[in-house]
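Q: Okay, here's the structure, questions in a sec.
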Amino acid sequence: MSSNHIGKYTSDDIFLQDLEEMVCRFTPDGTITYVNACEAHLLNHKPSELLGQKISQFIPEKSALILNYLLSTLSSKYPTMEYEYQYISSDGKLQWQLWKIRGRFNSDGQLDEVQAVGRDNSLKKQYQELLDNNQQKAWQKSEDTFRQLTDTAPALIFIIQKYRYCYVNAFFQTVLEYTEEELLNMDSLKLVHPDDRVQVMDGLLELQKGNGRLFRQDIKIIPKSGRVCWIDFSASIIEWEGKLAVIGVSYDLTQHKQIQAALIQSENNFRSLAYTAPALIYVLRGSRLIYLNRAYEEITGYSREECLEMDAWDFIHPQYQDWVRGMALARQRGEEVPSRYQTRMQTKDGREIWAEFSVSHIILNGEPAILGVAIDITEQKRAQDQIRYLSYHDKLTGLHNRAYGEEKLKELDDDKNLPLSLILGDVNGLKMVNDAFGHQSGDILLQTAAKTLITCCHKKDLIVRWGGDEFVIILPGSDEEQARQVCQKIYQSCAQLKNVPIQLSIALGVACKNAAGKSMETVYKEAEDLMYRNKMLENRSNRSAFLNSLEQTLWVRSHETQEHTLRLRRLVVNISQALHLPADELNNLSLLAALHDIGKIAIPNSILDKAGKLSCEEWELMKRHPETGYRIALASPELSPIAEAILAHHERWDGSGYPLGLKDNDIPLISRILSLADAYDVMISGRPYQKEIGSEEALQEILHCAGSQFDPHLASLFVNVVSSMQSNLA
């Protein structure tokens, strides 16, 4: 495009001037040929001042280099791309912009012009950052639980990424004779015996390609001492710290293999070894046992004599008897059946145990028989079940977690499930609850939200804790109207809840897939955008509900009454009017009168209810409530204007107060006014630790403490105002 085109507007250009999105065009060398009003305003220039300038002058150097590279990749076949960059705004805030760029090519296929449309992406980035942080915390809790569980399991458990160990449990370290530090820096194939390395590598590659869900093989491994061990190697794909990984759960089969090798060498050696082995070892002919070792008796609870009189299937749990008997009969007919299997057994006292069986044909005393070796894997099975549960469930709420939800969503994304609706929910006020009442209360709020969602959904619906304070409900076979009815039930249930830190409120967004051509990513994005829009619209009413909850909680915990709050408000209003304070200060004083002691909600009841004198330790704890109240106030936009006043409401004029030891006019004015009104009302109303006194005596005490506890000027004014109020009442 020649320079003659710079500044010439078409009718379309005039239309683009009124758009809220940023629009610009520039030549391949970066010369600006058009900008609309929105883009010019952002760059703090008039449109005419930008024409003919290089676009690289107005974006960060690193972003300009990336843009030049991306432009070099444009072609007539692939003319479009997206580009995102960050910058520091004029007020010092980190901002993000997302641009969609399209190249226009001439008849020779050469880039002639670049057209770009951008929008501010900062809000989405902030929400994504918050979500990522919550997910990371949630993953950290889940990983800690995983480690505690697997470190006590009597199985070799490990996780591999790119053939290197990123986690090994304690039993793995014991068997392999290496420390955790040595293993985490080691190629996992190094420990595999050379005979088995190719087979293991091929199996893991097939897993990573998605060919099968499980790779299982008996393999030899080489511990640090150089001896050879056998393990039952089972591996599958999981997500570990956000990336694909292989998790392996193996059992030590060395003794098992040694027993089988010993049998081949000598029946006498076999009997000696088998009898003392911890595994169940037996010989079966037909359906009768003709040999069993001591472990078989100990684990099943039957004596040797009882076992030899029983049918072999009597030891198998009824649920699995037909299956095990069927395999045995097929084996006797010469059919190919698995030589290894896991099943449940039933002991004499009714206990159920899991065992892994390995069976083979032998000749004993000249006649064919079946040799069986079984390992008690009850604990391993329980550990596997718990690991499987943890990998797909959220520990706090008991709901399915995001990993399960994403997998299930792909599975349900099928024409037979249409219409398929999504509801995204975000619990309002979780951060405020955590700051005000502690994380335990925040956990209770999330658990209450989960129970509410369960009661409002159908059995076929899938409820997932997506991360942090966000939930996703997947509704197969439900259209958008039906999904909205579920949302209405959720809103109604939240409004009726009692005994929660604050009134439960969940911002919801709904979207539906009605036709096969629509991707679930698009459906999720629509629901997410609607949820965030609703969340912003509901913020003000939610914050008002939060303030009401704080006030109600304070009255219950600190034994302050609504009457006390009303008296304080009346007193501070009269003082502020006498001082001719502006309206905003009057509003702040009124709010301070109600919530100055909000930090006491974190003080134990044993201290708040104590009638006698507090101990030194109790008094130190009590003195922290202004700081706690300060933190709570900062978490709420409505309370943040009085945060400093809450922090200072126990400071004294002479500097002997707490927590900062402020004095004189360094103490906020509204704090000084509140301390006078609060002290006066406490004196005339009484407390568990102090008898009430008359108004005249209380006013004399105010004057007596002027210059030490109270601002002397305000103390004198306070006495006059209260006296005037009493005269008017008379």
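Q: Which residue out of Leu595, Leu586 is over 20 Å from Gly657 (Cα atoms), surrounded by 15 or more Cβ atoms within 10 Å (Cβ to Cβ) and without any contact (Cβ under 8 Å) to a residue 60 or more places away in the chain?
A: After ruling out the rest, the residue left standing is Leu586.
Q: If you don't mind, there's one more thing I want to ask. Which one of the conditions (1) surrounded by fewer than 17 Cβ atoms within 10 Å (Cβ to Cβ); (2) farther than 20 Å from Gln562 by Cα does Leu714 fail to meet, given that it meets all the rest?
A: Unmet for Leu714, out of (1) surrounded by fewer than 17 Cβ atoms within 10 Å (Cβ to Cβ); (2) farther than 20 Å from Gln562 by Cα: (1).
Q: Return a yes/no flag: does segment 193-214 have any residue that is surrounded by 14 or more Cβ atoms within 10 Å (Cβ to Cβ), closer than 28 Å to Tyr389 by Cβ and of a type in the set (S, T, N, Q).
A: no
Q: Filter segment 270-302 down to residues that are at pLDDT 85 or above, of a type in the set (Ser, Thr, Tyr) and part of a helix (DSSP H, G or I) and give me whichever is farthest from Glu352 (Cα to Cα).
A: Tyr296
Q: If you scan segment 34-69, which residues turn out to be in contact with an Asp or Glu (Cβ under 7 Å, 6 or more places away or on another chain) and either surrounded by fewer than 16 Cβ atoms within 10 Å (Cβ to Cβ) or within 14 Å of Gln115 (Cβ to Cβ) (or both)?
A: Answer for segment 34-69, where residues must be in contact with an Asp or Glu (Cβ under 7 Å, 6 or more places away or on another chain) and either surrounded by fewer than 16 Cβ atoms within 10 Å (Cβ to Cβ) or within 14 Å of Gln115 (Cβ to Cβ) (or both): just Tyr34.
Q: Taking segment 574-617 as the search range and keeping residues that are of a type in the set (Gly, Ala, Ser) and part of a loop (DSSP other than H, G, I, E, B), which one is modelled with the lowest pLDDT?
A: Among those residues, the one meeting the criterion is Ala611.
Q: Could you grab me the full set of residues in segment 425-482 that are in a helix (DSSP H, G or I) and either outside the structural domain of Asn401 (by TED's automatic domain parsing) or farther than 18 Å from Gln503 by Cβ (or both)?
A: Passing the criteria: His439, Gln440, Ile454, Glu480, Glu481, Gln482.
Q: Here's another thing I want to ask about it. Would you check if Gly477 is over 24 Å from the mean Cα position of the chain (by Cα) and at positive phi?
A: yes
Q: With assigned to a helix (DSSP H, G or I), closer than 30 Å to Asn401 by Cβ and touching a residue at least 40 places away in the same chain (Cβ under 8 Å) as the only criterion, which of Leu244, Leu204 stands out?
A: Leu204
Q: Looking only at segment 500-558, count how many residues are at pLDDT 80 or above and β-branched (Val, Ile, Thr).
A: Selection size over segment 500-558: 4.
Q: Using the structure shown, decide if Lys489 is outside the structural domain of His625 (by TED's automatic domain parsing), assigned to a loop (DSSP other than H, G, I, E, B) and either buried (at least 16 other Cβ atoms within 10 Å of the Cβ) or on the phi < 0 side of the Ramachandran plot (or both).
A: Considered against the rule, which asks whether it is outside the structural domain of His625 (by TED's automatic domain parsing), assigned to a loop (DSSP other than H, G, I, E, B) and either buried (at least 16 other Cβ atoms within 10 Å of the Cβ) or on the phi < 0 side of the Ramachandran plot (or both), Lys489 comes out as no.
Q: With the condition kept exactly as written, say whether any residue in segment 26-37 is in a helix (DSSP H, G or I), modelled with pLDDT of 70 or more and not charged (D, E, K, R).
A: Yes; the residues of segment 26-37 include at least one that is in a helix (DSSP H, G or I), modelled with pLDDT of 70 or more and not charged (D, E, K, R).
Q: Looking only at helices (runs of 4 or more DSSP H) that fall completely inside segment 618-730, which ones have 1 or more residues that are within 25 Å of Asp435 (Cα to Cα)?
A: Fully inside segment 618-730 and qualifying: 625-634, 643-647, 669-685.
Q: Between a first residue in segment 68-92 that is within 15 Å of Asp120 (Cβ to Cβ) and a second residue that is of a type outside the set (Gly, Ala, Ser) and surrounded by fewer than 10 Cβ atoms within 10 Å (Cβ to Cβ), which pairs have beta carbons less than 8 Å apart while being 6 or more apart in sequence or on different chains?
A: Ser90/Asn44
The values are calculated or read from the model by the stated rules, or taken from the named source; none is laboratory data. No experiment lies behind these values; they were computed from the predicted model shown. Glycine also receives a Cβ, built like all others from the backbone with ideal geometry; neighbour counts cover every protein chain displayed.
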